[in-house]
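The values are calculated or read from the model by the stated rules, or taken from the named source; none is laboratory data. None of these values were measured; they are calculated from a predicted model. Methodologically, a virtual Cβ is constructed for each residue, glycine included, from the backbone with ideal geometry; neighbour enumeration extends over all protein chains shown.
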Amino acid sequence: MDLEFYDAPQPFLDAAGVLLASDPVLGSVIASVSERTAREIAAGSDSWSADGKPFTRWWAIVRDDAGEVVSAAMRTAPFPPYPTFATVMTDAAAAALAAALFERGEFLGGANGALPGARVLAEETARLNDATLVMGKQSRLWEARTVEVPSAPAGALRRATEEDAELVLSWFRAFHAEADEQAGREPDPDAGDHNTLESVLVRIREGVEWLWELPGGEIAHLSGASLPAYGVSRIGPVYTPQEHRGRGLASHVVGELTRRGLDEGHRMCLFTDQANPISNKIYAGLGYEPVVDMAEHLVQRLDPSPGSGDAAPESGVQGTTRFIPMEAELLDRAVEACRSLIVQRFPGEEHAGAAAMVLGDGTVLTGTAPEVMNPSVEVCHELEPFCAAFRLDQPIVASVCLHRGPDGRVIVLSPCGVCRERLAVHGPDVKVGVADPRDVTAIVWKTLKDVLPDYWMTAFPDEVDSGWLA
């Protein structure tokens, strides 16, 4: 296996073209960003600025032992912590990329993209740098092969012009903060600052930004639809100011742009924030289907050096899952398995729940509880994997339970008293997922001892795990 780095997009595209063309939806972010940068450079301009950035922009490919390109990554994000974005990547390739960056003295503050490769890249970076790994926003890539376009509200769809640039810029910046708010996270007021008037003008001149204009001339909605890269166009961002929401503008515009793209022979995709039930439900209703889940991973030094591009961890950050690197993969796998069971077993929009447990040998078990006529005999979702662990003679090291409502919102169910009692036989260090009190869609991992501080068995010190007494 070999890694090859490039400092310009066109040589990278020449090398990675076959890979990107083989799965153009999965590679749409890398392809569209790289092609746009290549167009800018060819035109004699480049909106990228190296000022103040603790690294040099790069692209990379991974070749297998036969010389075939099997994965690609780039570090072109203009905003802290300047994360990478990668296509599907093997664990070995992700670890090799982390090692290469470490060896050349480049600290990677974040790793985004397809799982599990992005997670492994972040884990290995955290391990090499003795840093902390934080999992941030979890996203989902969707594709529409067909689309149902809702009826048009009053007004008309038109392309944005240069005269709209200031409005588009302000809405780009508002989009980031309000997306956090809709997903139940604390809005980051600086999240959209990387958007500049120059970068907005580039997109407007490409003709990829669309506005919905009301009959009186007021602009009420913004949606983007990227130029096709390897035959794929990606919708986003999608933004409606609060005063114009509830009219079906986003549904119609996204549906219409999707229809136009499909009619032109393009494949159409978009990303959603998994914590935002509204957007997930809207796009599924239009005909979009999930392709792959992705996640943002932050790597944070406890004592960041000046200019490193990262920051020391802050306690109580909403919308994040905090854990030490050695546990990250197993805990992530448990959450993913729990979500998958809910989707696969309950594909509709009804209330549904599931649980997942990690065993001592790394196995992840899932379970869900059936409804019964008499509620007094219902059991917890955790019971199925709990009993299976006993059958397999394996200790339980972590447990999580999730619930999806009819609106698509997935919340964390902290273990009930019965489940805490059951898990107690596996010791005080079992990790349990509990809901963040400020954002019930966010998981906070705690030890069982933390959530069962006054365990009754401590009254019998000779009969209980000594960890309960410490």
### Hits in the range 75-95 - residues which are touching a residue at least 40 places away in the same chain (Cβ under 8 Å) and in contact with a Ser or Thr (Cβ under 6 Å, 6 or more places away or on another chain)
Thr87, Ala93
### Task
Identify the single condition in (1) assigned to a loop (DSSP other than H, G, I, E, B); (2) touching a strand residue (DSSP E or B) at 6+ places or on another chain (Cβ under 8 Å) that Gly246 does not satisfy, given that it satisfies every other one.
(2)
### Message
I'm trying to understand the selection: among the residues of the range 422-470, which are outside any helix (DSSP H, G or I) and either of a type in the set (Lys, Arg) or over 26 Å from Cys338 (Cβ atoms) (or both)?
### Response
Lys431, Arg438, Lys446, Asp454, Phe460, Pro461, Asp462, Glu463, Val464, Asp465, Ala470
### Task
Could you list, in sequence order, all residues of the range 120-175 that are among the acidic types (Asp, Glu), modelled with pLDDT of 95 or more and in contact with a strand residue (DSSP E or B) (Cβ under 8 Å, 6 or more places away or on another chain)?
Glu143, Asp164
### Task
Find all pairs meeting these conditions: Cβ atoms under 7 angstrom apart; at least six residues apart or on different chains; first residue within the range 195-208 and surrounded by 14 or more Cβ atoms within 10 Å (Cβ to Cβ); second residue aliphatic (A, V, I, L, M) and not in a loop (DSSP other than H, G, I, E, B).
Asn195/Leu169; Val200/Ala165; Val200/Val168; Val200/Leu169; Leu201/Ala165; Ile204/Ala165; Ile204/Val168; Val208/Ala225
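Considering only the range 359-388, state which residues are β-branched (Val, Ile, Thr) and either over 18 Å from Val335 (Cβ atoms) or surrounded by fewer than 17 Cβ atoms within 10 Å (Cβ to Cβ) (or both).
From the range 359-388, those β-branched (Val, Ile, Thr) are 363-364, 366, 368, 372, 377, 379; that's our starting set.
Across the range 359-388, the qualifying residues are Thr363, Val372, Val377, Val379.
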### Message
Scan the range 289-300 and tell me whether some residue there is in contact (Cβ under 8 Å) with a residue 12 or more places away in the chain and assigned to a loop (DSSP other than H, G, I, E, B).
### Response
no
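What about Glu336, is it surrounded by 15 or more Cβ atoms within 10 Å (Cβ to Cβ) and farther than 19 Å from Arg422 by Cβ?
Values: surrounded by 15 or more Cβ atoms within 10 Å (Cβ to Cβ): yes; farther than 19 Å from Arg422 by Cβ: yes.
Yes.
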#### Entry: Selection count, the range 425-469, where residues are of a type in the set (Gly, Ala, Ser), in contact (Cβ under 8 Å) with a residue 40 or more places away in the chain and over 22 Å from Leu359 (Cα atoms)
1
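Could you say which residue among Ser71, Ser47 is over 26 Å from Arg333 (Cβ atoms) and touching a helix residue (DSSP H, G or I) at 6+ places or on another chain (Cβ under 9 Å)? Break it down stepwise before answering.
Working: Ser71 fails: over 26 Å from Arg333 (Cβ atoms).
Only one candidate qualifies: Ser47.
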### Message
So the check is Cβ under 9 Å with 6+ separation or different chains; which pairs have a first residue in the range 214-231 that's on the phi > 0 side of the Ramachandran plot and modelled with pLDDT of 95 or more and a second one that's of a type in the set (A, V, I, L, M, F, W, C) and crowded, with 23+ Cβ neighbours inside 10 Å?
### Response
Tyr230/Leu20; Tyr230/Ala31
### Task
Confirm whether Arg158 is surrounded by fewer than 16 Cβ atoms within 10 Å (Cβ to Cβ) and either over 24 Å from His244 (Cβ atoms) or in contact with an Asp or Glu (Cβ under 7 Å, 6 or more places away or on another chain) (or both).
yes
### Message
I'd like the residue in the range 356-403 that is over 24 Å from the mean Cα position of the chain (by Cα) and in contact (Cβ under 8 Å) with a residue 40 or more places away in the chain and, out of all such residues, is nearest to Ile342 (Cα to Cα).
### Response
Glu382
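Being modelled with pLDDT under 85, surrounded by 14 or more Cβ atoms within 10 Å (Cβ to Cβ) and among the β-branched types (Val, Ile, Thr): is that true of Val317 here? Walk me through how you get there before you give the answer.
Numbers: modelled with pLDDT under 85: yes; surrounded by 14 or more Cβ atoms within 10 Å (Cβ to Cβ): yes; among the β-branched types (Val, Ile, Thr): yes.
Yes: the conditions hold for Val317.
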### Query
Quick check: is even one residue across the range 389-412 among the charged types (D, E, K, R), in contact with a Lys or Arg (Cβ under 9 Å, 6 or more places away or on another chain), surrounded by fewer than 22 Cβ atoms within 10 Å (Cβ to Cβ) and not in a loop (DSSP other than H, G, I, E, B)?
yes
### Query
What single numbered condition from (1) in contact (Cβ under 8 Å) with a residue 24 or more places away in the chain; (2) within 24 Å of the chain's Cα centre (by Cα) fails to hold for Glu40?
(2)
### Message
So for the range 282-289 (the condition being in contact with a helix residue (DSSP H, G or I) (Cβ under 6 Å, 6 or more places away or on another chain) and at negative phi), does at least one residue qualify?
### Response
yes
